[in-house]
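The values are calculated or read from the model by the stated rules, or taken from the named source; none is laboratory data. What you see is a predicted model, and the numbers here were worked out from it, not measured in a lab. Virtual Cβ from ideal backbone geometry, glycine too; neighbours counted across all protein chains shown.
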Amino acid sequence: MIETADAEPEYDDTAIRFLEALWGDGYLSPGGPDEVDRVVEGLSLAGKTILDIGCGAGGITLHLVEHHGAAHAIGFDVERPVIEVARRRAVARGLSDRVSFVQAPPGPLPFTDASFDVVFSKDALLHVPDKDALFAEIFRVLKPGGMFAASNWMISHDGEPSSEMKAYVAAEGLSFAMASPERYALAMRRAGFADVTIRDRNPWYREVARGELERLKGPLYPTVTAAVGAAYVDKNIRTWEAMQKVLDSGEHRPTHLRGRKPVG
Ligand SMILES: C[S@@+](CC[C@H](N)C(=O)[O-])C[C@H]1O[C@@H](n2cnc3c(N)ncnc32)[C@H](O)[C@@H]1O
């Protein structure tokens, strides 16, 4: 867990360079714009005000404005390096009037009640240990009738992780606080969300990750090594190999989540 804003960042400049080389400029999670579009499928974002929690390097926040017509999007993250990259990207794309990026320590969200039509998040909520507090906060900042739509890395159960899962999480070396889809849904219902739905993305990512590993070991290896060094890439190849085992077993469960804040 990241305790303060000034703790050593987990997503430092090297991590950003590595993940963007693998997943695309501005993306620190898999699937690119197509997967983001699937997360918000069927929702109308045009003219809406959106919060992107754990926005990372900002590519998705910008995509929600550029390609879904959001009126305004705020990208929020606890780490400084990602927010600095995201801000530069918004300026470069000429979107600083419709997109802003906010950095603050973990804890209560630094936004007033009922500020957003939509709260979005992509593969960031696994870093937040207290799921009940997290969804109470998301519920608070949503307007009545507002929607929550997210993708998130989960574990298939809330028991003791398998030795393969422990090995994978240790290989990542990141502050993962994984919980099951059912645990997330429970936290959402406790917070007051209605129409809570879950969509399993393991079958999709299991195959995508296999391709990522092949590209990392093969065609991407020289360019990514030039960007971050061979030791960094080799470590990540080992991490991807450990991840593939828990994707194949089904214990690693990338999942989409949806819910609605009832009116009144
Ligand atoms: C895997 S990256 C995903 C970034 C971005 N959503 C994307 O898909 O490109 C996870 C992000 O969650 C952020 N994060 C970690 N703890 C957080 C917290 N408590 N609240 C919000 N964001 C957090 C990290 O700093 C990082 O930028």
Determine whether the stretch 197-211 contains at least one residue that is part of a loop (DSSP other than H, G, I, E, B) and within 18 Å of the chain's Cα centre (by Cα).
yes
Please identify the pairs in which a residue from the stretch 57-69 that is farther than 25 Å from ASP13 by Cβ and within 8 Å of the ligand (Cβ to nearest atom) has its Cβ atom under 8 Å from the Cβ atom of a residue that is in a loop (DSSP other than H, G, I, E, B) and of a type in the set (D, E, K, R), counting only partners at least 6 apart or on another chain.
none
Cβ contacts < 7 Å: first residue under 17 Å from ILE50 (Cβ atoms), restricted to the stretch 75-87; second residue among the acidic types (Asp, Glu) and crowded, with 23+ Cβ neighbours inside 10 Å, any location; separation 6+ or different chain. Result?
GLY75/ASP52; PHE76/ASP52; ILE83/ASP77
Selection within the stretch 28-56 - touching a strand residue (DSSP E or B) at 6+ places or on another chain (Cβ under 6 Å) and near the ligand (Cβ under 8 Å from one of its atoms):
SER29, ASP52, ILE53, GLY54, CYS55
Taking the stretch 20-63 and the residues there that are of a type in the set (Asp, Glu) and assigned to a loop (DSSP other than H, G, I, E, B), the one that is nearest to ILE138 (Cα to Cα) would be GLU41
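Inside the stretch 196-232, can you point out the residues that are of a type in the set (Lys, Arg) and free of Cβ contacts under 8 Å to residues at least 24 places away in the same chain?
Narrowing the stretch 196-232 to residues of a type in the set (Lys, Arg): 199, 201, 206, 210, 215, 217.
Scanning the stretch 196-232 gives a single hit, LYS217.
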What about ILE2, is it at pLDDT 95 or above, within 10 Å of the ligand (Cβ to nearest atom), aliphatic (A, V, I, L, M) and in contact with a Pro (Cβ under 8 Å, 6 or more places away or on another chain)?
no
Taking the condition of being β-branched (Val, Ile, Thr) and more than 13 Å from VAL118 (Cβ to Cβ), how many residues in the stretch 28-84 meet it?
3
Given (1) under 18 Å from the mean Cα position of the chain (by Cα); (2) at negative phi, GLY173 misses just (2)
Whether any residue in the stretch 136-150 is within 16 Å of the ligand (Cβ to nearest atom) and free of Cβ contacts under 8 Å to residues at least 40 places away in the same chain is what I want to check.
yes
Single residue of the stretch 8-26 satisfying the filter (more than 21 Å from ALA209 (Cα to Cα) and more than 9 Å from the ligand (Cβ to nearest atom)) that is surrounded by the fewest Cβ atoms within 10 Å (Cβ to Cβ)
GLU8
Restricting attention to the stretch 102-131, the residues that are in a loop (DSSP other than H, G, I, E, B) and either without any contact (Cβ under 8 Å) to a residue 40 or more places away in the chain or within 8 Å of the ligand (Cβ to nearest atom) (or both) number exactly 11
Matching residues, the stretch 142-169, being closer than 16 Å to PRO129 by Cα and part of a helix (DSSP H, G or I):
VAL169
The condition of being acidic (Asp, Glu) and farther than 24 Å from ALA15 by Cα holds, among GLU214, GLU251, GLU207, GLU241, only for GLU251
Which of the residues spanning the stretch 78-101 are of a type in the set (A, V, I, L, M, F, W, C), more than 13 Å from the ligand (Cβ to nearest atom) and either under 15 Å from the mean Cα position of the chain (by Cα) or not in a strand (DSSP E or B) (or both)?
ALA90, VAL91, ALA92, LEU95
